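Working notes for the structure below.
The values are calculated or read from the model by the stated rules, or taken from the named source; none is laboratory data. From a predicted model like this one, the values you see are computed outputs, not experimental measurements. Every residue, glycine among them, receives a Cβ derived from its backbone with ideal geometry; neighbour counts consider all protein chains shown.
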Amino acid sequence: MTRTLTLTRPDDFHLHLRDGAMLQGIAPETARDFARAIIMPNLVPPVVTGAQAGAYRERIMAALPGSGFTPLMTLYLTEASDAADIIAAHRAGLITAVKLYPAGATTNSGSGVSSFENVRATLEAMAEAGVPLCVHGEVTDPAVDIFDREAVFIDRVLDPIRRATPGLTVIMEHVTTADAVAYVQSATTGLGATITTHHLIINRNHLLVGGIRPHYYCLPVAKRESHRLALLGAAVSGDRRFFLGTDSAPHTDEAKECACGCAGCFTATNTMPLLAEVFERENALDRLEGFVAHHGADFYGLKRNTGTLTLTRQDQPVTFPARIETGAGPVTVFDPGFAVHWQVSRAG
Ligand code: DOR
Ligand code: ZN
């Protein structure tokens with residue numbers, strides 16, 4: 001039996017597109033299925049000013065000739081960020097949000113924030129001007145176990161920031177724990193969360209049992225199964241505070257498969273089929289459209305997309321390319337480790 005599912009064209013509220021040859025190679029993988037994406041600013045050097053965001057947006061558009069894709073740009077928050085520049089860029093429609101990386105938390109986060117006191121005035125100005133803050137929610141204290149870093153961040157950093165700046169709209173990015181799900185559920189206003197495709201599929205056993213799997217290594221690192229189930233519950237619940245942000249983060253195979261492999265799962269190529277499979281297993285296909293196309297747009301105050309995406313269920317498992325060849329080197333596509341029956345049949 002063939003089944004089709006037509007959804008409002010989805011958006012990805014957390015995406016790494018990189019630059020140069022990597023950008024050229026991987027941008028079409030997202031633009032094929034998604035109308036818009038929030039573009040992470042952790043380039044080397046980072047995207048800090050409105051002018052840099054404008055130039056990066058041009059490079060992204062140039063990599064996608066003839067596509068209707070809209071990159072929603074972000075600025076990388078540093079302790080030296082210029083609040084006036086941030087607000088002007090937001091007013092001009094150049095940026096959609098600002099990204100907070102605790103210094104040292106992840107890839108190219110060296111210019112991030114060490115002392116949250118030093119960004120307090122900027123966050124207040126953003127709250128006043130209605131500029132949302134996307135947060136990488138992990139502490140970097142070496143004394144805190146890597147599996148606890150998200151939960152500790154909520155208590156030590158995120159909750160104090162939200163109490164000190166109550167008008168600030170915050171998106172807790174790529175939540176990985178039941179603690180984060182509960183924290184977002186406890187907030188009445190101004191707090192949303194993105195959930196990645198891969199954190200709905202893997203737990204830490206996938207990463208470590210039977211050998212280290214570098215293509216399952218990302219940050220925040222996948223947690224135990226009970227946490228994955230909490231994420232899955234939030235994603236299929238219909239709760240409008242939770243929406244898709246893939247955190248699709250390409251690194252070349254050479255950079256992943258080595259003694260100190262980079263963090264990041266590359267899911268841009270097969271995210272929509274994987275999510276259809278996951279939601280179907282939960283008997284929640286009717287909730288998929290909200291998660292991928294409505295909740296995030298509504299949270300950010302963006303118009304919902306007018307186009308559609310149609311997925312078709314095949315009787316036999318479908319296959320995806322194992323890797324994408326880019327001018328920077330091959331990038332392995334995320335393998336869910338189970339059979340997938342859905343494929344995108346039409347984008348309109
Ligand atoms: O796994 C990750 N990869 N997590 C991040 O926060 C950054 C990203 C990247 O840029 O590679
Ligand atoms: Zn990311």
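Restricting attention to region 110-148, the residues that are hydrophobic (A, V, I, L, M, F, W, C), outside any helix (DSSP H, G or I) and touching a helix residue (DSSP H, G or I) at 6+ places or on another chain (Cβ under 6 Å) add up to 4.
Would you check which residues across region 259-284 are more than 21 Å from the chain's Cα centre (by Cα) and more than 15 Å from ligand 1 (Cβ to nearest atom) and list them? Walk me through how you get there before you give the answer.
The initial filter retains those residues of region 259-284 that are more than 21 Å from the chain's Cα centre (by Cα), namely 259-260, 280-284.
If the condition is that a residue be more than 21 Å from the chain's Cα centre (by Cα) and more than 15 Å from ligand 1 (Cβ to nearest atom), then ALA259, GLU280, ARG281, GLU282, ASN283, ALA284 are the ones that fit.
Once region 16-28 is narrowed to residues that are within 16 Å of MET61 (Cβ to Cβ) and within 15 Å of the chain's Cα centre (by Cα), the residue that is farthest from ligand 1 (Cβ to nearest atom) is ALA27. Just one residue in the set ILE161, ILE154, ILE171 is under 23 Å from ILE202 (Cα atoms) and surrounded by fewer than 24 Cβ atoms within 10 Å (Cβ to Cβ); that residue is ILE154. The residue of region 198-255 that is farthest from ligand 1 (Cβ to nearest atom), among those that are polar (S, T, N, Q) and assigned to a loop (DSSP other than H, G, I, E, B), is SER237.
Condition test on TYR217, is it surrounded by fewer than 22 Cβ atoms within 10 Å (Cβ to Cβ) and within 16 Å of ligand 2 (Cβ to nearest atom)?
On the way: surrounded by fewer than 22 Cβ atoms within 10 Å (Cβ to Cβ): yes; within 16 Å of ligand 2 (Cβ to nearest atom): yes.
Spelling it out, TYR217 is indeed surrounded by fewer than 22 Cβ atoms within 10 Å (Cβ to Cβ) and within 16 Å of ligand 2 (Cβ to nearest atom).
Restricting attention to region 1-48, the residues that are buried (at least 19 other Cβ atoms within 10 Å of the Cβ), of a type in the set (Val, Ile, Thr) and touching a residue at least 40 places away in the same chain (Cβ under 8 Å) total 4. Within region 311-348, the residues that satisfy the criterion of being part of a strand (DSSP E or B) and either hydroxyl-bearing (Ser, Thr, Tyr) or surrounded by fewer than 11 Cβ atoms within 10 Å (Cβ to Cβ) (or both) are THR312, GLU325, THR326, THR332, SER345. As a summary of the residue check, ALA193 satisfies the conditions (1) buried (at least 22 other Cβ atoms within 10 Å of the Cβ); (2) within 14 Å of ligand 1 (Cβ to nearest atom); (3) not basic (Lys, Arg) except for the one numbered (2).
Could you please give the count of residues in region 239-258 that are among the aromatic types (Phe, Trp, Tyr) and either away from ligand 2 (no atom under 16 Å from the Cβ) or within 15 Å of CYS218 (Cβ to Cβ) (or both)?
Of all residues in region 239-258, those among the aromatic types (Phe, Trp, Tyr) come to 242-243.
From what's left, either away from ligand 2 (no atom under 16 Å from the Cβ) or within 15 Å of CYS218 (Cβ to Cβ) (or both): 242.
Number satisfying all stated conditions: 1.
When ALA151 is tested against the conditions (1) within 17 Å of ILE195 (Cβ to Cβ); (2) within 16 Å of ligand 1 (Cβ to nearest atom); (3) assigned to a helix (DSSP H, G or I), the lone failure is (2). For the condition at pLDDT below 95 and within 16 Å of the chain's Cα centre (by Cα), what is the one hit in ALA105, ALA97? Checking each option against the conditions leaves just ALA105.
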